[in-house]
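Below is one structure, written out as structure tokens; the observations come after it.
The values are calculated or read from the model by the stated rules, or taken from the named source; none is laboratory data. All values reported here derive from a predicted model rather than from experimental measurement. Glycine gets a Cβ as well: all are built from the backbone with ideal geometry, and neighbour counts include every protein chain shown.
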Amino acid sequence: MSRSVRIALLGLLVFCSPHVFSQDVSGAYTLTVSQDPGLQDCVWEGNLTLDQPGGTNPGAFTGSGSLTRVSGSAICLDLAGSGGGNISGNSLTFGLATGSFGTVNFVGSVTGPGSIAGTWSEGSATGTWSATLLSSGPATPVPVLPGTGLAILTLLTGVVGFIAVRRQRRKT
């Protein structure tokens, strides 16, 4: 295998590795939210629906959720609300305006195919959350290549092209 082919394959391998791909998070999820221990020890379960138009990443998405208390004190109210957020690569942030509890701010990441998780906060209340996609839906990899990666890919393509032209000139 020629050196230029090896260089091209190495470049392709680097730029097509899993970290270059990020998820389109659109879909219906089961959602579990737990409050950090010590306050009311609330645990909620429910659903979360996210809509990421066109699967654009980085980009914005909208969502809504509904949670029912499964354990904790009576202060742990059932929650429901809507809002939106942003995704960049595998990292996402969003807020759900629940009315009675205020806006719950979620920070997290895509943790695997059809699963997202992270931490949440609202005022002094904090905790963790996780969501699992209910259906196969549109959660498919969307290629994402940052500007620096695009510049390196362009440079690599130019080097491979230069080597190929130089070899062709030597043959003639």
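Brief remarks follow.
- Scanning the stretch 8-56 for residues that are modelled with pLDDT under 60 and surrounded by 13 or more Cβ atoms within 10 Å (Cβ to Cβ) turns up Ala8, Gly11, Val14, Phe15, Val20, Phe21, Ser22.
- Subset of the stretch 68-79 (residues that are touching a strand residue (DSSP E or B) at 6+ places or on another chain (Cβ under 9 Å) and surrounded by fewer than 18 Cβ atoms within 10 Å (Cβ to Cβ)): Thr68, Val70, Ser71, Gly72, Leu77, Asp78
- First in the stretch 24-50 and more than 15 Å from Val107 (Cα to Cα), second anywhere and of a type in the set (D, E, K, R), Cβ under 7 Å, 6 or more apart: Ser26/Asp51; Cys42/Arg69; Trp44/Arg69
This table checks each residue for (1) modelled with pLDDT under 85; (2) of a type outside the set (D, E, K, R).
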site: Thr93; (1), (2): no, yes
site: Gly114; (1), (2): no, yes
site: Thr148; (1), (2): yes, yes
site: Gly158; (1), (2): yes, yes
site: Ile163; (1), (2): yes, yes
site: Gln168; (1), (2): yes, yes
site: Lys171; (1), (2): yes, no
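- Residue in the stretch 70-88 that is in contact with a Cys (Cβ under 6 Å, 6 or more places away or on another chain), more than 12 Å from Leu31 (Cα to Cα), in a loop (DSSP other than H, G, I, E, B) and at pLDDT below 95 present: yes
- Of the residues in the stretch 36-45, not one is assigned to a strand (DSSP E or B), within 16 Å of the chain's Cα centre (by Cα) and not polar (S, T, N, Q).
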